[in-house]
Amino acid sequence: MSAANCPETPRQKMISMMYLVLTAMLALNVSIEILSGYSLVDGSLRKSIAIADARNIALKNQFEDLAAKNKTKTAEWKVKAENVVTKSDSLYNFINDIKREIIVLIDGKDAPGLATLDISDGGRGDLNITGQVGMTNQNSFGFKAGEKLKESLNAYSEFLLTLVTDSAKRTSIQQTFATEGRYSAEAKRTIGWEEGVFDNMPAVATLTLLSKIQNDIRNTEAEIIQYLIAQIDAGDFRVNKIDAMAIANSNYVIRGGKYRAEIILAATDSTQTLDIEINGAKIEKSAEGKYIYEVPVSAIGKREFKGTITMTKPDETTVTYPFTETYMVAEPSATISADMMNVFYAGINNPVSVSVPGVAAGDVEISISNAKFVRTSKGWNVTPIQVGVVSKVTVTALFDGKKTVVGSKDFRVKPLPPPLAKLAFTDAKNQPFKGGKIRKNILITAKRVIAELDDADLDVEYKVLSFSLNYNDSMGNTLVEATTGSELTSKQLGIFKNLTPGKTVYITNVQAEGPDKIKRRLPPLDIALGN
């Protein structure tokens, strides 16, 4: 009798059943370990998203502060940043809707994990529902969620690319939100992106992949907003107004002397050659790289000159700026000028030079409203009292034994501008690094974080009190290494040494204090390792 016609005995049936149960139990054990791993990764990603959310809120607040200080200058970039936030939130929330749909179909509408988007232990291994949600219309959306998500990611990536000109950042965006399919040797065909995310996938695996996309959205949102903040002052033409100016040593000239003025275009590139004409005559560039208009004067009274400044834009087109300037030729009077610039800054000593032609320095005195001042070997140090209130400098000189008021001038009082966080290196040949791409051989020589003004006219020292280093570990989690003082810790230096090309870390939460004793939180410093 053949084996096919021989019925199994009860004992054989029991042995077969036990084998099936044992095999299923072994498979279940492996599955539980894998599913638990996915749950751990998903939890870690959600913590990373929470950290990114906090960072994004800080960046949005920073943008609001900048807009409050200069609404016109920041308007263009603020609108772009708001669009980034809106589109990021929309895509992020759509992914949350997909997660809820999966959990509802598996655990029911009253699932306790809906509020936190947690799936039940029993539902983690479901292999059918994710495909139903992502690959078919059999869901509450009425459309294939995977296909829609792919379209949304492509649109989001294309939108971000319209905001960024930096090639490295563009490549990063394209790679982060790539939705191309992949060829499967096992299936002998190309598997679409949405199929790889949703089809025949354990529910917890799909939820983890969706969390990973949400984490990418939040991190990219922060990177783009930070990029837009940097664009407010970037480039020659990214200013709200460009004016031609003639800067004279003084608007008052003593009879018999010479009128001297430097002709400049505010916000232009100092390395660019300009075409300048005054009263029909061309002004040549001096050996020092300046354009000087000089004309002898004799008669007392008001004088005027007109001119044009023509420059070449990056697209090779030219633009011309006309200007008109006047000056006064007068008898001897006081000349008052701030050594640093035409404003006083609160909280520091502002050197001021005052001279009266024909009068010895010891016979010249000043009085100043809204300020304290002391005489120095070179002039005076002026310390304003109240920001926003004009300080008026009045000069008196001794003529024939009599004190006479010979001039006065108003100065605006402004707070010190905020410095930028930079990396300083052990090798003094390497200039402080203020963000962007950097080679590893230079990065590993970093010594400390410093705070400096991007203004060579202001010599102000800032002390860094504390900072944090934000970086991602091998699992994609955002970690924070904080320290007090300005020196990089050995662990932070180790993070730099282990950084791979294309990766970016951030110096954040930089606290610095200037001579005005005001503690400031500085903008983040992004460090992208180049190849």
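Overview of values
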{"quantity": "Region 86-181 pair-distance distribution - Cα-Cα, 10 Å bins, rounded %", "calculated": "15, 38, 29, 15, 3"}
{"quantity": "Footprinting exposure proxy for T179, T130 (fewest neighbouring C-beta atoms within 10 Å first)", "calculated": "T179, T130"}
{"quantity": "Ranked packing of 142-153, 481-492, most packed first, by mean Cβ within 10 Å", "calculated": "142-153, 481-492"}
{"quantity": "Region 108-243: equivalent-ellipsoid semi-axes (sqrt of 5 x gyration tensor eigenvalues, Cα, Å)", "calculated": "37, 19, 13"}
{"quantity": "For peptides 346-355, 156-165, sequence by mean Cβ density within 10 Å, most packed first", "calculated": "346-355, 156-165"}
{"quantity": "Cα-based equivalent ellipsoid, region 162-218: semi-axes from gyration tensor eigenvalues, Å", "calculated": "26, 17, 7"}
{"quantity": "If the convex hull is drawn through the Cα atoms of region 20-231, its volume per residue in Å³", "calculated": "144"}
{"quantity": "Along each principal axis, Cα extent of region 420-529, largest first, Å", "calculated": "43, 28, 21"}
{"quantity": "Convex hull volume per residue in cubic angstrom - Cα atoms of region 383-427", "calculated": "161"}
{"quantity": "Over 25 Å between alpha carbons, listed pairs K169/K497; K69/K519; K188/K212; K80/K414; K372/K414", "calculated": "K188/K212; K80/K414"}
{"quantity": "Sorted peptide list for 198-210, 107-119, criterion being average Cβ within 10 angstrom, highest first", "calculated": "198-210, 107-119"}
{"quantity": "Mean Cα-pair separation over length for region 83-240, i.e. relative contact order, pairs under 8 Å, 6 or more apart, %", "calculated": "28"}
{"quantity": "Percent of Cα pairs exceeding the 15 Å cut-off, where the set is region 408-459", "calculated": "57"}
{"quantity": "Over region 372-489, equivalent-ellipsoid semi-axes from the Cα gyration tensor in Å", "calculated": "47, 16, 12"}
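Here, each number is a calculation from the coordinates, and none is a lab measurement. Everything numeric in this text was worked out from a predicted model, so none of it was measured. Glycine also receives a Cβ, built like all others from the backbone with ideal geometry; neighbour counts cover every protein chain displayed.
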